[in-house]
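Comments concern the structure below.
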Amino acid sequence: MLKTFKLGGVHPAENKLTVDKSISVLPIPKIASIPFSQHLGAPAKVLVNRGDEVKVGQLIAKGEAFISANIHSSVSGKVQKIDNVVDTSGFRRPAVVIAVEGDEWAEGIDRSETINKEISLSQKEIIQKINEMGVVGLGGATFPSHVKLMVPEGKKAEVLIINGVECEPYLTSDHRLMLEKGEEMLVGVQILKIALGVNKAMIGIENNKPDAIKHLSELASQFEGIEVYGLKVKYPQGAEKQLIKALINREVPSGKLPIEVGAVVNNAGTAYAVYQAIQKNKPLIERVVTITGKSVKDPGNFMVRIGTPISELIEAAGGLPEDTGKVIGGGPMMGKALNSLEVPVVKGTSGILIMPDEEAGREEVLHCIRCGKCTHVCPMGLEPYLLEKVVMAEDWERTEKEKVMDCIECGSCHYTCPANRPLLDYIRLGKNKMGQIMRNRAKK
Ligand code: SF4
Ligand code: SF4
């Protein structure tokens, strides 16, 4: 029987419209807006000024805090301004805006397609280099990768888990990357194993991607200590805790990290970025983005320079359809609506979904009928209807007691509710407020 996680989960329509679309390279934009903060943690500190000339791959902002990440220029040209731009969060945040001239790369970056399998760096050097190259988790969380690889004292990593699940409907960027850059990705997995000091890696892929399972399984036989597992299709299997449960049958305790049970999870795209960083000396300056939607004329998967406005991606996919109701950064389950088409692609942008008007609107919100469906599907064992109620009542003590911080924002409750309750909206609000309360408590 195929492995999967036990508690909750849903089966939304897959709609993987771009599954057969090979990755094409999107032309370099005329203007690139590169935010200082594209990762979890403190924003990086800007190193360039207006009027400076920059090259592709040049460090333009330094991650100085413990949890932060370096930012490199994805284009060559002149710094037009340092300004606030609207990013995928909907807020205006500081960014380096570069007027592009040519495509001149910083020295020392290997741009050839030759696959370099020989790993010469030590554990410490790998972690340091991943830090230098600004690699962050590309599955959506954008946690700085070098921090994830530093196993805290007293803990021990036993297994590296590679997340090739891509359970969000519509998105296919990881799927295409596994098919087209599988070998490079597996070298990245070997590098990650050295960084963690483990000799075992497990790659989890849902069995709606049989071509990727077959391809990576064949390739993995040439590498030591990498196994590929086909998983039963169930959302949100791509969430860390659910994937760990599915693959090694261990449960990460509430409020703890995967290392608590000896696991470290990295996304398939991150493994590819690690390969580029270590074997090619190439910082994280581009990524694969799916542009999709039922009315999109020419949906596809593109290799996009960070900082490219999504309007250019939409243009490459045949333009904005007339019946557009909503443009979403990410997939339909966890993604967020964008309020501008000039939002730049950042390290965490896995896809852009254009929803037709008739699907984008929210249904009328009705009274909760206490059917219990939201509780039944919650993969974290929470009671979403109750969380909504206590957050609405601003009962923060109860909100904490009901473990709002355990919510992984998968949207399964919201998806399943027959009364169309905006459960996730209230839960996110509750998490935000609890976060503030907990930070203030820690200061005392
Ligand atoms: S409460 Fe959170 S974890 Fe549970 S189903 Fe809803 S969004 Fe997912
Ligand atoms: S699924 Fe909706 S209607 Fe059913 S208990 Fe949960 S909130 Fe209430």
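Computed per residue of the chain from DSSP H runs no shorter than four, each worth -39500 (n - 2.57), the mean residue ellipticity at 222 nm is -8000 deg cm²/dmol.
Taking the alpha-carbon centroid of each part, what is the distance from segment 135-184 to segment 302-316 in angstrom? Cα centres, segment 135-184 to segment 302-316: 23 Å. Dipole magnitude for segment 341-444: computed about the Cα centre from +1 point charges on Lys and Arg Cβ and -1 point charges on Asp and Glu Cβ, it is near 760 debye.
Taking only the alpha carbons of segment 373-443, we obtain Rg and Dmax values of 11.7, 42 Å in that order.
Select from 331, 203, 392 the residue farthest towards the positive end of the dipole of the chain; place +1 on Cβ of Lys and Arg, -1 on Cβ of Asp and Glu, and compute about the Cα centre. The listed residue farthest towards the positive side: 392. Think of the chain as having a plus end and a minus end, set by charges on the Cβ of Lys, Arg, Asp and Glu; of 165, 264, 365, 264 sits farthest toward the positive end of this dipole.
The separation of segment 90-122 from segment 1-26, counted between C-alpha centres, amounts to 29 Å.
Counting only Cβ charges, +1 for Lys and Arg and -1 for Asp and Glu, the dipole size of the chain around its Cα centre is about 1400 debye. Loop-located GluC sites (Glu not before Pro) across segment 150-214 with a Cβ neighbour count of 11 or fewer within 10 Å are 153, with loop assigned by DSSP. In the chain, excluding the sites themselves, the longest stretch lacking any of the chymotrypsin sites (Phe, Trp or Tyr not before Pro) that are in a DSSP loop with at most 13 other Cβ atoms within 10 Å is 92-444.
Arranged from fewest to most other beta-carbon atoms within 10 Å of their beta carbon, 314, 203, 67 become 67, 314, 203. Classified by the C-alpha gyration tensor, the chain has a rounded form. Its axis ratio a/c, with a ≥ b ≥ c, is below 1.5. Oblate is the label for segment 317-444, because the ratio a/c of its alpha-carbon gyration tensor axes (a ≥ b ≥ c) is 1.5 or higher and a/b is not greater than b/c. Unpaired Cys in the chain, meaning no second Cys C-beta under 4.7 Å: 167, 368, 371, 378, 407, 410, 417.
Readers should treat all values here as calculations from the given coordinates under stated rules, not as data from a laboratory. These numbers were taken from a predicted model, which means no experiment stands behind them. No Cβ is skipped: glycine too gets one built from the backbone with ideal geometry, and neighbour counts run over all protein chains shown.
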